[in-house]
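Quick notes on the structure that follows.
Values quoted throughout were computed directly from the atomic coordinates according to the rules given, and no laboratory measurement underlies them. Source: prediction; values computed, not measured. Methodologically, a virtual Cβ is constructed for each residue, glycine included, from the backbone with ideal geometry; neighbour enumeration extends over all protein chains shown.
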Amino acid sequence: MSRPRLQLRRRQAAPRALMLVAVCFGGSLALRLTEHGEAIAAEITGQGEEVAAAPAPVAGCTADPGANDLLAAIRDREAQLAARETELAGREQMLSIARAKLEEQVAALDDAEKRLAETLAIADKAAEQDVARLVSVYETMNPKAASQIFATMDVGFAAGFLSRMRPESAAAILAGIEADRAYAISATMAGRNARAPTQ
């Protein structure tokens, strides 16, 4: 056999050998996959049985007793706060009513004070008019007759009337009174403004 032919045969045999090696590897792979596939299938089947054998989960979850106590305490506190809020709202309403009544009473008191002041002003004006009328009467009286009246009158009262009279009328009345009494009336008249401020 010639050398070129031998080389040609070797070249043709090389792809066949490679093909044979590839077929061997493919068969080994398929065999391994088949073995592993069965093992995987068996494992999956076992897990399925375990899952099927496991008890079904309970519909609700069981709470921790401590959490229940805490929840109950929170609800009690909320109820207490709501009751306290209601109580405070009631007190605030009572205070509002009391404040309104107090304001009404203060307004009534102010009104009564105003009316009293008006009444006193009217009374003072009437008293002043009465005193002025009496002063006018004593001034127009006979000095001797007026002196007899002033002789029996209270010293302070007599001094008040005489201080309002015209000086000549007051002098005529004082001249008809006893000296001691006339002196007492004069001293009272002089002392009325002694303590009044000069500035």
- [ ] Could you pull out every one of the lysines with an alpha carbon less than 23 Å from that of residue 114, ignoring same-chain neighbours closer than 8 positions?
- [x] 101, 125
Task: Solvent-free Debye scattering, log10 I(q)/I(0), computed from the Cα coordinates of region 80-143 at q = 0.19, 0.25, 0.27 Å⁻¹ - done: -0.82, -0.96, -1.01
Task: log₁₀ of I(q)/I(0) at q = 0.14, 0.16, 0.23, 0.29 Å⁻¹ - region 141-191, Debye sum with one point per alpha carbon - done: -0.26, -0.34, -0.74, -1.24
Open item on the list: Under the rule of at least 5 residues apart or a separate chain, name every residue whose amide H is placed under 5 Å from the amide H of residue 165.
Closed with: none
TODO: Subtracting the Cα-Cα distance from 0.36 nm times the residue separation, let me have the gained length for residue 85 to residue 124 in nm, one decimal.
DONE: 8.3 nm
Task: Separation of the residue 192 and residue 148 label points, Cα + 7 Å toward Cβ, nm - done: 2.6 nm
